[in-house]
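All of the numbers you see were taken from the coordinates with simple rules; none came from a lab. For clarity, every value in this text was computed on a predicted model and none was experimentally measured. Every residue, glycine among them, receives a Cβ derived from its backbone with ideal geometry; neighbour counts consider all protein chains shown.
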2 protein chains.
Amino acid sequence: MHSFTEENYLKTIYHLSQLNDSPVQTNAIAEGMKTRAASVTDMLKKLSDKQLIDYIKYQGVTLTDKGKTTAVSVIRKHRLWEVFLVEKLKFKWDEVHEIAEELEHINSGLLVERLDEFLGFPKRDPHGDPIPDHNGIFEPDQNIHLHEMSRGDKGVIIGVNEYTSAFLKHLERLGLTIGILIEIEEIADYDGSVELLVDGKKINVSKEVTQRILVNYK
Amino acid sequence: MHSFTEENYLKTIYHLSQLNDSPVQTNAIAEGMKTRAASVTDMLKKLSDKQLIDYIKYQGVTLTDKGKTTAVSVIRKHRLWEVFLVEKLKFKWDEVHEIAEELEHINSGLLVERLDEFLGFPKRDPHGDPIPDHNGIFEPDQNIHLHEMSRGDKGVIIGVNEYTSAFLKHLERLGLTIGILIEIEEIADYDGSVELLVDGKKINVSKEVTQRILVNYK
DNA sequence: TTGAATATTTAGATAAATCTAAAAATTTTC
DNA sequence: GAAAATTTTTAGATTTATCTAAATATTCAA
C-alpha cells in the first residue's frame, strides 16, 4: 500500500500533467503540495523506486501506468465521497473538498464500489468534475474554459477548477452554479472581464473568474 | 489535533479500563495495540505531556477527562460508520470493523453530526455496542455476558465483544445474531459449555463463545 | 556563449513512531 | 525477607516525511 503522502503526490502530479503534457517540474509539485523543492526531490526518488513515476534528474517526472492507475483511483474516491457529502449529508458544494481529502485515502475496494452503487453511479461530482468509472475511464467531455468562449456563445456551466470556499461562495453569490445556462454578452478588451446573461440578468465577472469556470457548449 | 496513533492508544486504554477499573498496565496496552511494551512507554510519556492520561511510572495509566472525551469521540465515529456500512452499503456485520478503524479518524465534527442524523440517530452499532451521543453519553444498559446467566434465564442477544470475521461467521452459522431471543437450557459442569434454546431448536456453544456474547435480560 | 538568474539536488537535521537489548523496578515465591 | 520471575523503563537505532542551507545543473538574456 501507499502512504497518504505518496497518494497525494501522485494526485498532484496527475493534475499538473493534465494542464500541459510535458513532464511535471519539481517546483510545480512543491507548490501544489505546499512543501519545499528539496522535500519533493526526496519523495520523487521514493516514488521512482516504487515504479510509480518516471523520473530523470533535473528533467521532471511523468506517471507510469501504475502511478496513473493509483492517482485515478484516489481521484475517483475523492469525487464519489464529495457526491455522498452533498447528496446524502446535505453539505454545501464549498464545504466538501477538505473532508474528501481525508476520505479519499480510505483503503477498501469494496467500499468504493458499494458507495458508487449507493449513489447511483454518478458521472460528475458537485463541482462538475467527471468521476472515473471502476476501470479508471473518464467519460469523454468537450468542455472549454469560460475565458475561451466568444461573444454570443452559449453553454452550461459544468465545472470549476478552483475549490476554495472563498471562490465557490463568490460564484454562488453571482448565481453561477453547476448546470446554469449562460450566454456571453460582451468581453471587455480592457481587462478581459466578461458580461454574462444568466437567467435573464446581466452579470459581470472578472477574467480571473472566467479562467476557473468550465463550460459545456456542445 | 491528535495523530491516528494517539487516537488508537486512547481508544485501547479506554476499552481496557472498562474491563477492570484499576489503572491500565503497559503490557495490556502493548497487547491491545499489537506492539512492544517499550513503544507503549514512549507513547505514554507523550500522551501524558498532552494531559490525555495520568501516568505514573510502573503504576499504569488512567485517562484524564480530556483523554476520555477524545476516546469516546473516536468510538462514536467508529460505531456510526459501522451502522452506515451495514445499513446503507449492505456490508455484513463481520466485514465492517476494519474499514471503520480507518473511517473513525476522519476529522470533521460536522460530518459526524450529519452522519448521525442521516442514519436516524442509531443507539447501537451492528454488533450491538451502544453508540455514545453527541455529548459522549452512553445509554445506560443492563447487559450481562452469556456465561454469567443461569439455567432457565431468557434474554435477547444485544452484542458481542469480539469482532473477528471468524468469530462472527461462527455465530451466524449457529444462528446467534443481534436481536435473537435465547433461553439457557443447560450448563455443562464439565467444560462450561452451554445448551441454548434458539427459535425452538437446541444449540450447543462452547464456554469461549459464551464469554463473548452480551445478552440483555431485563 | 558566457554570466546571471532560476531550478533542482545534496547534505545534514529534526520529529514521530517504532524497534531490540539491556537495565531497573515491582511482584511473586519459597 | 531475599532470590527469582515478571513487568516496565531506558538507551540507542531505524524509518518516514519533512526542513534549511549550500552546492550543482539548467535556462535565459545580452
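Numbers below:
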{"quantity": "Over the range A:1-40, volume per residue of the alpha carbon convex hull, in Å³", "calculated": "67"}
{"quantity": "Helix A:65-87 vs. chain A, principal-axis angle (Cα, 0 to 90°, nearest 10)", "calculated": "50"}
{"quantity": "Value of relative contact order over chain B, rounded to a whole percent, pairs C-alpha under 8 Å and six or more apart", "calculated": "15"}
{"quantity": "Alpha-carbon Debye profile of the range A:79-200, log10 I(q)/I(0) at 0.11 Å⁻¹", "calculated": "-0.45"}
{"quantity": "Debye intensity ratio in log₁₀ form over the Cα atoms of the protein assembly as shown, taken at each q of 0.08, 0.11, 0.14 Å⁻¹", "calculated": "-0.62, -1.01, -1.33"}
{"quantity": "Computed E for B:Thr41/B:Asp153 - FRET, C-beta separation, R0 35 angstrom, nearest 0.05", "calculated": "0.20"}
{"quantity": "Angle in degrees between helix A:37-49 and the longest Cα principal axis of chain A, rounded to the nearest 10", "calculated": "60"}
{"quantity": "Paired Rg and Dmax values of the range B:75-138, which use every Cα atom, in angstrom", "calculated": "10.5, 29"}
{"quantity": "Per principal axis, descending, Cα span of chain A in whole Å", "calculated": "56, 43, 29"}
{"quantity": "Amide hydrogen neighbours beyond the local backbone of A:Ile53, cut-off 5 Å, H modeled", "calculated": "A:Ser48, A:Thr64"}
{"quantity": "Using alpha-carbon coordinates, inclination of helix B:109-118 to the longest axis of chain B, degrees", "calculated": "20"}
{"quantity": "Listed residues A:Pro126, A:Leu89, A:His78: farthest to the positive end of the dipole of the range A:77-139 (Cβ charges)", "calculated": "A:Leu89"}
{"quantity": "Entries of B:Lys11/B:Lys34; B:Lys34/B:Lys90; A:Lys92/B:Lys88 with Cα pairs more than 19 Å apart", "calculated": "B:Lys34/B:Lys90; A:Lys92/B:Lys88"}
{"quantity": "Convex hull volume of the range B:38-102 per residue (C-alpha atoms, cubic angstrom)", "calculated": "104"}
{"quantity": "Residue-averaged [θ]222 nm for chain A, counting only DSSP H segments that reach four residues, each worth -39500 (n - 2.57)", "calculated": "-12500 deg cm²/dmol"}
{"quantity": "Rounded to whole Hz, the Karplus (6.51, -1.76, 1.60) HN-Hα couplings of the range B:164-179, x for glycine and proline", "calculated": "5, 4, 4, 5, 5, 5, 4, 4, 5, 4, 7, x, 9, 10, 4, x"}
